[in-house]
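Here's the structure, in structure tokens; my notes come after.
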Amino acid sequence: MVTEILQFTDLHLPPAPGGILWGVDPQARLRQVLADARRHHPQARLAILTGDLVHEPDEAAYARLDTLLEEVPWPCWSLPGNHDDATRMREGLSHAPLVERGAVGRWRLYLLDSTVPGEGAGRVGERQLAQLRSWLDQEPETPAVVFLHHHALPVGSPWLDAIMLRDAEAFGALMRDRPQVRAVLWGHTHQAFAGRIGSAMALGTPSTAMQFRSRTSAFALQDEGAGYRWLRLHPDGRLETGVRYVPSSGT
Ligand SMILES: [Fe+2]
């Protein structure tokens, strides 16, 4: 049986309800995304939230997110982004626990914490790399997907590539040597991206709030609407994926 999962990233819920960021209301956009995903992907088994769940890591914002997630039909797992506080996420998100690894169907999912306290850039770090290596080597025939917040390949915008994954080389080497990893997925760059790390698809997913214009020397917005990604995991190890943009209703 094919297993469908969803990725939501860079929700950036502001501290106060109705708060505006980049000219939009991220909470209203998240609601639109969740409604769209329920309509178009009712059979999804799981949703992965890949960081920057809130814009400033205060308890109230996580509490509001938890309330929104109470209504969704899929279990949610989360990992932190550079705007998050992992401790507050752990305490405040009863409906989106921080998970390091799990299974759906025949597949293994690995969620990494690539945050570095006080920095926009990311790092997986030796400890997590060793743990991931060990897990992957226990099941070399089992198809796997790896999620993290930071991009592990440059996306062609110098201002974003300055805050990419710092140990992308070591991470990439680990992925390249383990072909059971079918895809590596991230957020952080607020834009769709598709590349390769070895035989794995390397995929960037748009934000549920606002997109950044691709291939620019400086920060620029591009309002394509709120976005999210779906993945279809086949029992034979094939993976299909796509991005969906939700037309904005003016918020
Ligand atoms: Fe973000």
Task: Environment charge of Leu30, counting only residues whose C-beta is closer than 11 Å and scoring Lys/Arg +1, Asp/Glu -1 - done: 0
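Enumerate by residue number the GluC sites (Glu not before Pro) in the range 23-124 meeting two conditions: DSSP loop (anything except H, G, I, E, B), and at most 16 other Cβ atoms within 10 Å of the site's Cβ.
Counting only loop positions with at most 16 other Cβ atoms within 10 Å, the GluC sites (Glu not before Pro) in the range 23-124 are Glu71, Glu100, Glu119.
Give me the net charge of Gly198's neighbourhood, meaning all other residues with Cβ under 11 Å from the Cβ of Gly198; Lys, Arg count +1, Asp, Glu -1.
So the environment of Gly198 carries a net charge of +3.
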TODO: Only helical DSSP H runs with n ≥ 4 go in: add -39500 (n - 2.57) per run for the chain, normalise by residue count and round the 222 nm mean residue ellipticity to 500 deg cm²/dmol.
DONE: -7000 deg cm²/dmol
Task: Label point at Gln138 placed 7 Å out along Cα→Cβ; residues across the range 177-204 whose backbone nitrogen lies under 15 Å - done: none
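Can you give the charge dipole size of the range 19-99 about its Cα centre, rounded to the nearest 20 debye, using +1 on the beta carbon of Lys and Arg and -1 on the beta carbon of Asp and Glu?
Values: 8 positive and 12 negative charges, 88 e Å.
Taking the Cα centre of the range 19-99 as origin, the dipole is about 420 debye.
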Open item on the list: Using Cβ counts within 10 Å as a stand-in for footprinting exposure, how do Ser78, Ser134 rank, fewest first?
Closed with: Ser134, Ser78
Task: Amide proton proximity set for His149, modelled H, under 5 Å, gap of 5+ - done: Ser114
Task: Calculated from backbone phi, Karplus (6.51, -1.76, 1.60) coupling profile of the range 88-99 in Hz, x at Gly/Pro - done: 5, 4, 4, 6, x, 10, 6, 9, 8, x, 6, 10
Open item on the list: What do you get for the angle between helix 59-70 and the principal long axis of the chain? Use alpha-carbon atoms, 0 to 90 degrees, nearest ten.
Closed with: 70 degrees
Task: Bins of 5 Å, starting at 0 and running to the largest distance - Cα pair percent for the range 3-246 - done: 1, 7, 15, 20, 22, 17, 12, 5, 1, 0
- [ ] Sort out for me the Cα centre separation of the range 183-245 from the range 17-74, rounded to whole Å.
- [x] 17 Å
TODO: Between Arg196 and Arg106, with labels modelled 7 Å along Cα→Cβ, what's the label distance in nm to one decimal, could you check?
DONE: 2.3 nm
Open item on the list: Spelling out what I want: for every residue of the range 123-138, take phi, set θ = phi - 60°, compute 6.51 cos²θ - 1.76 cosθ + 1.60 (Karplus), and round to whole Hz; glycine and proline get x.
Closed with: 7, 7, x, 4, 4, 5, 4, 5, 5, 5, 4, 5, 4, 5, 6, 6
Open item on the list: Given the options Ala218, Ala162, Gly195, identify the residue whose Cα lies farthest towards the positive end of the charge dipole of the range 162-251 (+1 on Cβ of Lys, Arg; -1 on Cβ of Asp, Glu).
Closed with: Gly195
TODO: Rank these for me by crowding, Ile197, Ile20, Ile5, going from fewest to most other beta carbons within 10 Å.
DONE: Ile20, Ile197, Ile5
TODO: Pop out the ³J(HN,Hα) list for the range 103-113 in order, Karplus 6.51 cos²θ - 1.76 cosθ + 1.60 with θ = phi - 60°, rounded to Hz; leave Gly and Pro as x.
DONE: 10, 9, x, 7, 9, 10, 10, 10, 10, 9, 9
TODO: Mind checking the full-extension length gain between Arg176 and Trp159? Use 0.36 nm per residue of separation minus the Cα-Cα distance, one decimal, nm.
DONE: 3.5 nm
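What's the ranking of 47-55, 108-116 by average number of surrounding C-beta atoms within 10 Å, highest first?
For the peptides 47-55, 108-116, the packing ranking is 47-55, 108-116.
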Open item on the list: Along its three principal axes, how long is the range 134-251 when you only count alpha carbons? Whole Å, largest extent first please.
Closed with: 48, 30, 17
Task: Arg31 paired with His95, simple spin-label distance in nm, labels 7 Å along Cα-to-beta-carbon - done: 1.3 nm
Task: Interchain or long-range residues, amide H under 5 Å from Cys76's placed H - done: Ala47
- [ ] Considering only DSSP beta bridges where both residues belong to the range 3-246, give the percentage that are antiparallel (nearest 5).
- [x] 50 percent
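Place a +1 charge on the Cβ of each Lys and Arg in the chain and a -1 charge on the Cβ of each Asp and Glu, then give the dipole magnitude about the Cα centre in debye, rounded to the nearest 20. List each step's numbers first, then the result.
Working: 25 positive and 29 negative charges, 155 e Å.
Magnitude of the dipole: close to 740 debye.
Read-outs throughout are calculated quantities, based only on the coordinates presented, and are distinct from any laboratory measurement. Keep in mind the model is a prediction, meaning the values are calculated, not measured. So basically every Cβ, Gly included, is an ideal-geometry build from the backbone, and we count neighbours across all protein chains shown.
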